[in-house]
């Protein structure tokens, strides 16, 4: 077992931001803190994105603190551009990320420390920055007849790009940014496409300024403060109307159908009698926070989420969640990393003061014993 002041779980945008501010605050990697990442290479979830998601199609990638991402080729896959950027960042600031490392559980230890159980051993830590994101927990809705479908079902997490759908009939389920991007790409090569969403999509035409951004973040933040599962910030901002989106709406590609009622062996159907045949169902239905390893700490509220104030878990001040809820955007992750480190610094200061007071009390007891013995 190794003892450190801080364990950072995850080396995506939020985790690297936290590690950067820990170093800036004077803590040394592998001595005072450790960064653990389950991915095989730098790049966070970006390294797993589909090849057709070029850097120019990325919505608002914000640079990490202390080093700008400049001169990127918009035509290159975002997985390559951002993976290389994260690699340079880790090397520039000497963050020494341990990978690939799986974290199985975080438990209560002795002397007020947390025990982080991993594939490379157990760490005893005074505090934890959890930056595990959502990519590892794709959400698959369940509908009657789903197991009978004879075609292919896949999720955004496994989306390979449009080429594999050439000449096929494809149902895309989901009204978010990923769903619309998949649909517009696939429509160019597929025999037929159908777009199904639970709610009518909201398109945002025009600028999205700081005031609208703050309002969107506040909506997500309120859910987290109440202990409800977080929504993504993107889910409350609406879909930006780009030239590509405008063309897809005019051509009928983005004609939305209401949510299906059941799945048949040959496609999908609605209770009003409508049905379409399909070769593929693509579930662009989002992700959930990957926090199952925190279950032993009992941080969840009755609403199903972890109640957070700022970045701190309300049930345990040693645990900070960054890239969770309102800080799930790239700029939000940067700010959350800094805020978490600031709060952890205060926690460590208070702990060391208590330890020093305790050492003084022990010295005092020893001195009193010596006086009594001499008497």
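Among 227, 252, 56, the residue with the largest mean-square fluctuation in a Gaussian network model of the chain, with springs joining Cα atoms closer than 10 Å, is 252. One entry in (i) -0.28, -0.59; (ii) -0.41, -0.82; (iii) -0.24, -0.53 is log10 I(q)/I(0) by the Debye sum over Cα atoms at q = 0.06, 0.09 Å⁻¹ calculated from the shown coordinates; its label is (i). Ordering 1, 61 by the number of other Cβ atoms within 10 Å of each residue's own Cβ, fewest first, gives 1, 61.
Per-residue Cβ neighbour counts within 10 Å put 158, 279, 111, 32 in the sequence 111, 158, 32, 279, beginning with the fewest.
Once the convex hull of all Cα atoms in region 75-141 is built, its volume per residue stands at 138 Å³. Counting only alpha carbon atoms, the long axis of helix 177-187 and the longest principal axis of the chain meet at about 30°.
As a proxy for reagent exposure, 203, 86 were ordered by neighbouring Cβ count within 10 angstrom, fewest first; the result is 203, 86. With everything on Cα atoms, drop me the angle between helix 78-92 and the longest principal axis of the chain, reported from 0 to 90° to the nearest 10. That works out to roughly 10 degrees.
Under Stokes-Einstein, with the Kirkwood radius over Cα pairs standing in for Rh, what whole-number D in µm²/s applies to region 22-119 at 25 °C and 0.890 mPa s? My calculation gives 159 µm²/s for D.
Computed from the coordinates by the stated procedures, all read-outs in this text should not be read as laboratory data. Bear in mind that the values here come from a model prediction, so they are computed numbers and not experimental data. Counting neighbours? That spans all protein chains shown, and the Cβs are built from the backbone with ideal geometry, glycine included.
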